[in-house]
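Worksheet for the structure shown next.
The values are calculated or read from the model by the stated rules, or taken from the named source; none is laboratory data. Everything numeric here is computed off the predicted structure, so don't read it as measured data. For neighbour counting, all protein chains shown are included, and Cβ atoms are generated from backbone atoms with ideal geometry for every residue, glycine included.
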Amino acid sequence: MVHSFTAMSNEENGEENAWYREGMAEYYATFLPYRFGLVPPSYVATRVNSNLYRYYANPEINISMADALKGFYTSWYSEWIPYDRGFVYFLLVDDQLRRLPDKPNLNSSGIFDRTVLELSARWRRGEKVQRTDWLASIGQFLQGGVDCAAQLQAVLTGKPSINLAGRRVESRRNVLRETRQPVIQYGYSRLSASRGIVEGLVPGSHAERAGLRNGDVIVRTGSMTEASQEPLAKYFVVVSRDGEEIRIEYSPREDREVSCWLLESFKDDVTPASIMR
């Protein structure tokens, strides 16, 4: 449902707007269940932090959106780019809209929701809706205070990464805090999963240190999703080597740390958004 009503047309050169489609899907999958009273506030905090961590700790955080789509099926990390970068970008834009000087109700996401609904309605009527339409829609509110075009260009190029210092999520009580988190690193090639053989082992990685070897036959693995969205999560690979099954468990992280903005908690005093009305 979320994917269907938030679609955006391709650009004239055929370039996809996956950042919008997938990022918006993540955004509303995070907030709509709470707005409809289906989940507790902790659900929102967990979802927000999962996407934020995976965005900032992604070793490919600065690749372009075009390159991310090219590597969508061959790289663990490229696949996440449209979802996470789009999601983080929408968190930023939503907060910018809430801070407009003539909009005293900072708990209302009405402008953001109305913008999305209006563009979606146009698309469903068969109109071509592209980046320029998105920029025009938010630009009428943010003009003079935000360089909307440059901000979106950074989403497309991956540089610079999105800075959420001082930003809030839905309420002035939900301030994002800067932390230091380890970079995600599975330690072997994603192609190993489809071929069933470990290859592309990263020298010095936690995977190698734990005993994983190129050529190991993969029997089963842990959840990639869980391992990528929780900084303390472990990951395991069960391999067959010389006729013996071996379980290899390790932290799918690098020793290197990066800045990462996270939400300490999500306060439940937020006024339901206009999309519910």
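Out of all the residues in segment 240-262, which are among the aromatic types (F, W, Y) and closer than 30 Å to R168 by Cβ? Working first, answer last.
At the first step, the residues of segment 240-262 found to be among the aromatic types (F, W, Y) are 250, 261.
Answer for segment 240-262, where residues must be among the aromatic types (F, W, Y) and closer than 30 Å to R168 by Cβ: just W261.
Within segment 170-182, does at least one residue satisfy the condition of being among the hydrophobic types (A, V, I, L, M, F, W, C) and either in a loop (DSSP other than H, G, I, E, B) or closer than 24 Å to E118 by Cβ (or both)?
Taking segment 170-182 first, the residues among the hydrophobic types (A, V, I, L, M, F, W, C) are 175-176.
Those still in the list that are either in a loop (DSSP other than H, G, I, E, B) or closer than 24 Å to E118 by Cβ (or both) too: none.
No, that holds for no residue.
Of the strands (runs of 3 or more DSSP E) entirely within segment 187-264, those holding at least 2 residues that are among the β-branched types (V, I, T) and surrounded by 15 or more Cβ atoms within 10 Å (Cβ to Cβ) occupy 217-221, 235-241, 244-250. Of all residue pairs spaced 6 or more apart or on separate chains, those with beta-carbon atoms under 7 Å, a first member in segment 131-157 that is assigned by TED's automatic domain parsing to the domain that holds R21 and in contact (Cβ under 8 Å) with a residue 40 or more places away in the chain and a second member that is hydroxyl-bearing (S, T, Y) and outside any helix (DSSP H, G or I) are L156/S64; T157/S64.
Restricted to segment 108-130, and to residues that are surrounded by 15 or more Cβ atoms within 10 Å (Cβ to Cβ) and outside any helix (DSSP H, G or I), which residue is modelled with the lowest pLDDT? Filtering first and then ranking leaves S108. Note on segment 1-58: residues that are among the acidic types (D, E) and surrounded by 15 or more Cβ atoms within 10 Å (Cβ to Cβ) total 3. Does T46 qualify as being more than 14 Å from the chain's Cα centre (by Cα) and without any contact (Cβ under 8 Å) to a residue 24 or more places away in the chain? Criteria not met by T46. With respect to the conditions (1) surrounded by fewer than 18 Cβ atoms within 10 Å (Cβ to Cβ); (2) modelled with pLDDT of 95 or more, F90 falls short on a single one, namely (1).
Say whether the condition of being without any contact (Cβ under 8 Å) to a residue 60 or more places away in the chain and more than 22 Å from the chain's Cα centre (by Cα) is met by at least one residue in segment 257-276. If you could, list the steps in order and put the result at the bottom.
To start, the set of residues in segment 257-276 that are without any contact (Cβ under 8 Å) to a residue 60 or more places away in the chain comprises none.
No, there is no match, as no residue in segment 257-276 is without any contact (Cβ under 8 Å) to a residue 60 or more places away in the chain and more than 22 Å from the chain's Cα centre (by Cα).
Checking each residue in segment 120-154 for being of a type in the set (D, E, K, R) and within 24 Å of the chain's Cα centre (by Cα) picks out R131, D133, D147.
Look at Y83 and say whether it is within 30 Å of R195 (Cβ to Cβ), touching a strand residue (DSSP E or B) at 6+ places or on another chain (Cβ under 8 Å) and assigned to a helix (DSSP H, G or I). Before the answer, list the steps.
Details: within 30 Å of R195 (Cβ to Cβ): yes; touching a strand residue (DSSP E or B) at 6+ places or on another chain (Cβ under 8 Å): no; assigned to a helix (DSSP H, G or I): yes.
Here the answer is no, as Y83 does not meet what is asked.
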